[in-house]
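Comments concern the structure below.
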Amino acid sequence: MSTADPAPVVLEQVSVSIGGRPILRDVDLSVGTGDTVTLLGPNGSGKSTLVRAVTGLLPHTRGTVRLFGTPIQDFTDWQRIGFVPQRSTATGGVPATVREVVASGRVGRRKLLRPTSRADRRAVESALEVVGLADRSSYGVSQLSGGQQQRVLIARALAGEPELLVLDEPTAGVDLPHQQALADALGRLKAQGATILLVAHEIGPMMRLIDRSVVMRDGLVAYDGPPLTQEVAAHTHHAHDHDDHHDHGVPGGHDHAPHVSSPLDFERGHHR
């Protein structure tokens, strides 16, 4: 990737309504290649709704969303994007091992019917090591705790080696050592030129990676500028923002479990 490439994420006057209720209102946001941008804000401010609009899980009612220069309705190159949803289960009702779910993050990087390559296996092993689940790779995901399942989703996204990685509260339920391991992994992705859009409640070890902070309030961008310190960032939250959809009383607004065969298709199919 070069700096001349189109910005991975551009939102121009984007509005999103759910059940007739406006959640995002005329939001402008651009995330440049190689940038790490954190989305902050109080409960119900629109952070999760924004990342759902970026990943195609929620349609926007007005404005334009572009991914790598392409309007989102025309975008098909989804293997370039990794997504870690918030507070989700990793099985999608399908019996699967930890390794199988993490390996599904490589599907977009293989040609149809092509066998798993050495690079695929190496990426999966590395992702499992990062989240501390290498010793549980043969376990059924349903055997794991909620926090461990969240780490499986993080590993799946990392295994895909995405150019744009979108994470919605990735450290919820993840202990500090594994938060540090995740920060190290994101640092390696960033060094390779990846772009990271991160919804965060507690920044913690991620602080050193952040290039820009964006604060959401009432569906609007209230601040877009240099990284906020951990102390200032903490004041942007009144409570842990589990899901903007729940905050607005929208039925069925929870994060659906991703399908093991593709990082985004399952959720996109349920929201369109």
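All of the numbers you see were taken from the coordinates with simple rules; none came from a lab. Note that this is a predicted model, so its numbers are computed, not measured. Quick reminder, even Gly has a Cβ in these numbers, built from the backbone with ideal geometry, and neighbours come from all protein chains shown.
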message = What translational diffusion coefficient, to the nearest whole µm²/s, does the range 3-79 have by Stokes-Einstein, given a Kirkwood radius computed over alpha-carbon pairs, a temperature of 20 °C and 1.002 mPa s viscosity?
response = 166 µm²/s
key: Protection-proxy order for peptides 188-194, 52-58, each taking the mean of Cβ atoms within 10 Å per residue, highest first   = 52-58, 188-194
key: Under the Karplus curve 6.51 cos²θ - 1.76 cosθ + 1.60, θ = phi - 60°, whole-Hz ³J(HN,Hα) for the range 134-146, x wherever Gly or Pro sits   = 4, 7, 10, 5, 8, 6, x, 4, 5, 7, 8, 6, x
query = Given H placed 1.01 Å from N in the peptide plane, which residues other than close sequence neighbours of THR61 have an amide H under 5 Å from its amide H?
reply = SER15, VAL16, SER17
